[in-house]
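> Here you go, one structure.
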Amino acid sequence: MVVGNIILRLRGSLEFKCQLDSTDVPHVQKVISRTFEALGSQVKAESLVLSLSSSPVFLWPNKGGHATAGEISPNRPCKDLQQLIQTDDQESSRKKSAKKDKKNPTAGIINLTLMTEVTEPGVLSAPTLLRGSKKHHLLQTTLPMDCVVSVLSSESISVVCGTLVGALCSQLGDMEKVALRHMKGTALLIPQPFHFLLPAPVGLVTVVYPAGVPDSQLETRRKELHSLFELPDDRPYLRRANALHFPDEPYKDGYLRNPHVHLNLPALENGKPYLVQGVYSYHHYMQDRVDDNGWGCAYRSLQTICSWFQQQGYVERAVPSHKEIQQALVEVGDKQGSFLGSRQWIGSIEVAAVLDQLLGVTSKIMFVSQGSELASKGRELANHFLSEGTPIMIGGGVLAHTILGVAWSETTGQIRYLILDPHYTGAEDLQVITDKGWCGWKGPEFWDQNAYYNLCLPQRPKTI
């Protein structure tokens, strides 16, 4: 599915409940399939309701898109739903220009909640009680439904409602397959949906994985999907860490992601940008309640690199702390035990050693005898970002920085470096960080022309 003008995301829960009279595998599978079939009928029923988040609007998708809002008819374009969404700063936004609205990253997302009418008209009857002595096993869980569809903003509400119901049914079918494949006796692993934005022409897809099963045990399934979507077999695209992060959902850990995307590209004659691929976190001085001002810049650059490998799905371990970095260097024999808890600097060689020890990641080291020579390394750096796409740690003199990309002209040799500066000590304020150059494009004069530099260029592991 190719991403269109508007993304609609429908979330909610469906209660999965069935009674097993036997633990016989064919019986269990038959009952589970029958229960999923019943849930499919439930989402096709007229009692299904979609609540438009942050608004008083309710939609009945199986009644032709009927809505509670009188001004919204089923034949109206779905973009009209956005006008009914109330935001916290709605009053102030009304006074802002339309130009600012275009920069709102949540403007193209419509969130809906899955609901069901509790009461339905019917004939009153007396309750019937049945008593049985047969042993049975009750299987009960909650299915976390999460459907995403991409549609043109001009598509009618009624058509969009039908698309959402179809997505629900399709997701239930995927959940049934996962539940049956990973069933252990009468234990049902909860199927969890994840959304991925794959390279064109594939676009947006949803994959269901079983909760509690690590990515390392799902390689066979990923191989099937890589083949289905014709994806390269040398890098992860469909691990949980690769899942699409929607712009209307803040990251819970407090770190900024990819501040460089908010910068304008430098103007170079015949120049092209070669940038880091994927997502990283910005790690800098004074974070995590650690006062490393004046000595921890290489540690922070290393943490940024580790965050890249984590968020691309190569590793599942958390970004290492200063203590864990020092411990790793002691374990590999690079440092003595007295190094633990110290404020000693580390350089590119130590960064490479830690990446190998903790993440199993190898690195290339580039030596530059003086900073003035960095201007001639455009081709090598450009090739790194094209082939590997990982952040680069550079250390020289008493400073360490992270290189996120270069703008380089093959004809003129002109070059600019995209620098992420770990020496920043302030709050996670994107505007300050970009306006003050803590993340910004620098010229060759940024480097100490007489100091030697070592660059650590981490290499991608060949895996899916």
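The values are calculated or read from the model by the stated rules, or taken from the named source; none is laboratory data. Bear in mind that the values here come from a model prediction, so they are computed numbers and not experimental data. FYI the Cβ positions are ideal-geometry reconstructions off the backbone, even for glycines, and counts take in every protein chain you see. Just so you know, the surface numbers come from the protein's heavy atoms only, side chains and all, with ligands and any DNA or RNA stripped out. Shrake-Rupley method; radii C 1.70, N 1.55, O 1.52, S 1.80 Å.
> From the set of residues in the range 184-197 that are out of contact with any helix residue (DSSP H, G or I) (no Cβ under 7 Å at 6 or more places or on another chain) and farther than 14 Å from Arg221 by Cβ, which is most open to solvent (accessible area, probe 1.4 Å)?
Lys184
> Would you point out the residue of the range 291-342, among those that are among the aliphatic types (A, V, I, L, M) and under 28 Å from Trp438 (Cα atoms), that is most open to solvent (accessible area, probe 1.4 Å)?
Ranking the qualifying residues of the range 291-342, first place goes to Ala318.
> In contact (Cβ under 8 Å) with a residue 60 or more places away in the chain, of a type outside the set (Asp, Glu) and open to solvent by 70 Å² or more (accessible area, probe 1.4 Å): is that true of Ala179 in this structure?
In short, no.
> Would you please name the residue that is least open to solvent (accessible area, probe 1.4 Å), looking only at residues in the range 228-246 that are of a type outside the set (Lys, Arg) and under 10 Å from the mean Cα position of the chain (by Cα)?
Phe246
> Has the range 420-429 got any residue that is of a type in the set (A, V, I, L, M) and closer than 30 Å to Lys252 by Cα?
yes
> Give the range 316-347 a look and list any residue that's in a helix (DSSP H, G or I) and of a type in the set (A, V, I, L, M, F, W, C), or say none.
Ile325, Ala328, Leu329, Val330, Phe339
> Within the bounds of the range 168-183, is there any residue that is among the hydrophobic types (A, V, I, L, M, F, W, C), in a strand (DSSP E or B) and under 17 Å from Ser33 (Cβ atoms)?
no
> So Ser158 ticks every box in (1) more than 28 Å from Leu238 (Cβ to Cβ); (2) touching a strand residue (DSSP E or B) at 6+ places or on another chain (Cβ under 6 Å) but one. Which box is left unticked?
Against the list (1) more than 28 Å from Leu238 (Cβ to Cβ); (2) touching a strand residue (DSSP E or B) at 6+ places or on another chain (Cβ under 6 Å), Ser158 comes up short only on (2).
> Condition check: over 30 Å from Glu428 (Cβ atoms) and either free of Cβ contacts under 8 Å to residues at least 40 places away in the same chain or in a strand (DSSP E or B) (or both). Does Tyr251 satisfy that?
No.
> Something else about it: Does the range 1-24 contain any residue that is among the β-branched types (Val, Ile, Thr), surrounded by 19 or more Cβ atoms within 10 Å (Cβ to Cβ) and either at pLDDT 95 or above or farther than 27 Å from Asn75 by Cβ (or both)?
no
> Within the group Leu238, Leu268, which residue is within 21 Å of Asp146 (Cβ to Cβ), touching a residue at least 24 places away in the same chain (Cβ under 8 Å) and either of a type outside the set (A, V, I, L, M) or part of a loop (DSSP other than H, G, I, E, B) (or both)?
Only one candidate qualifies: Leu238.
> Quick check on the range 271-290: of everything there that is of a type outside the set (Lys, Arg) and in a helix (DSSP H, G or I), which residue is surrounded by the fewest Cβ atoms within 10 Å (Cβ to Cβ)?
That would be Asp288.
> Something else about it: Show me the strands (runs of 3 or more DSSP E) found entirely inside the range 351-464 where at least 3 residues are out of contact with any His (no Cβ under 8 Å at 6 or more places or on another chain) and open to solvent by 30 Å² or more (accessible area, probe 1.4 Å).
Strands (runs of 3 or more DSSP E) meeting the threshold: 363-368.
> Another question about this same structure. Restrict the check to the range 215-225 and report whether at least one residue is modelled with pLDDT under 95, open to solvent by 40 Å² or more (accessible area, probe 1.4 Å) and outside any helix (DSSP H, G or I).
no
> Additional query: For the range 29-72, give me each residue that is assigned to a loop (DSSP other than H, G, I, E, B), out of contact with any helix residue (DSSP H, G or I) (no Cβ under 7 Å at 6 or more places or on another chain) and modelled with pLDDT under 85.
Correct list: Thr68, Gly70, Glu71.
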